[in-house]
Amino acid sequence: GTIRVDYPRTWRSLDWRRHSADVALNAAVPWGVDVRGGAYRIEADLSSLRLEAFRIDGGASEVELTLAEPSGTVSIRIEGGANNLRVRRPVGVAARLHVDAGASKLAFDDQHLGAVGGETTLESGNYTDATDRYEITMTGGANNVSVLTT
């Protein structure tokens, strides 16, 4: 089925109080997570879930994802740019990061890049041969993004 969580845009309603929620997902079933309209201040511990895909459409800022061991190739997609994004995956899990519109302060495992223009792709040494891996794609550019192991 589908779970839908709607939050009003606070600037329209002039309600400046904090809005937050804790959402628990059943770990016994696989999940595809789709966040529409952008994301701000999301901390998602997905380390006990079987994740099939994760997508944010509309940009992401202040987002932290903690991932589990993948099953197959799992797509993590951020569309519309990313600012202050941290993705953590288990040690030894293969991953590839593709940014299509330039980046600054980009970290991928032991690689640290200051500023790069155009398309950039970084991958772990075991990515090509891995059947269980993460494919992380960002459109619209990136600032202060890290993809690390925990």
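The values are calculated or read from the model by the stated rules, or taken from the named source; none is laboratory data. Keep in mind that what you see is a predicted model, and the values were worked out from it rather than measured. Cβ placement follows ideal geometry from the backbone for every residue including glycine, while neighbour counts extend to all protein chains displayed. Accessible surface is based on the protein model in full, side chains and every heavy atom, while ligands, DNA and RNA are left aside. Shrake-Rupley method; radii C 1.70, N 1.55, O 1.52, S 1.80 Å.
How many residues are under 21 Å from S75 (Cα atoms) and open to solvent by 60 Å² or more (accessible area, probe 1.4 Å) if we restrict to the stretch 112-123?
Residues meeting the conditions: 3.
So, L67, is that one touching a Lys or Arg at 6+ places or on another chain (Cβ under 6 Å) and either surrounded by 15 or more Cβ atoms within 10 Å (Cβ to Cβ) or at pLDDT below 95 (or both) or not? Break it down stepwise before answering.
Numbers: touching a Lys or Arg at 6+ places or on another chain (Cβ under 6 Å): yes; either surrounded by 15 or more Cβ atoms within 10 Å (Cβ to Cβ) or at pLDDT below 95 (or both): yes.
Considered against the rule, which asks whether it is touching a Lys or Arg at 6+ places or on another chain (Cβ under 6 Å) and either surrounded by 15 or more Cβ atoms within 10 Å (Cβ to Cβ) or at pLDDT below 95 (or both), L67 comes out as yes.
If R77 passes every condition in (1) under 11 Å from the mean Cα position of the chain (by Cα); (2) in contact (Cβ under 8 Å) with a residue 24 or more places away in the chain; (3) under 27 Å from A27 (Cβ atoms); (4) open to solvent by less than 50 Å² (accessible area, probe 1.4 Å) but one, which one does it miss?
Just one mismatch for R77, condition (4).
What's the number of the only condition in (1) under 18 Å from the mean Cα position of the chain (by Cα); (2) in a loop (DSSP other than H, G, I, E, B) that L106 fails to meet?
In the conditions (1) under 18 Å from the mean Cα position of the chain (by Cα); (2) in a loop (DSSP other than H, G, I, E, B), L106 misses (2) alone.
Condition first: among the small types (G, A, S) and more than 10 Å from N143 (Cα to Cα). Now tell me which residues in the stretch 60-106 satisfy that. Please lay out each step first, then the result.
Here is the first cut: in the stretch 60-106, the ones among the small types (G, A, S) are 60-61, 68, 71-72, 75, 80-82, 92, 94-95, 101-104.
A60, A68, S71, G72, S75, G80, G92, A94, A95, A101 - these are the residues of the stretch 60-106 that are among the small types (G, A, S) and more than 10 Å from N143 (Cα to Cα).
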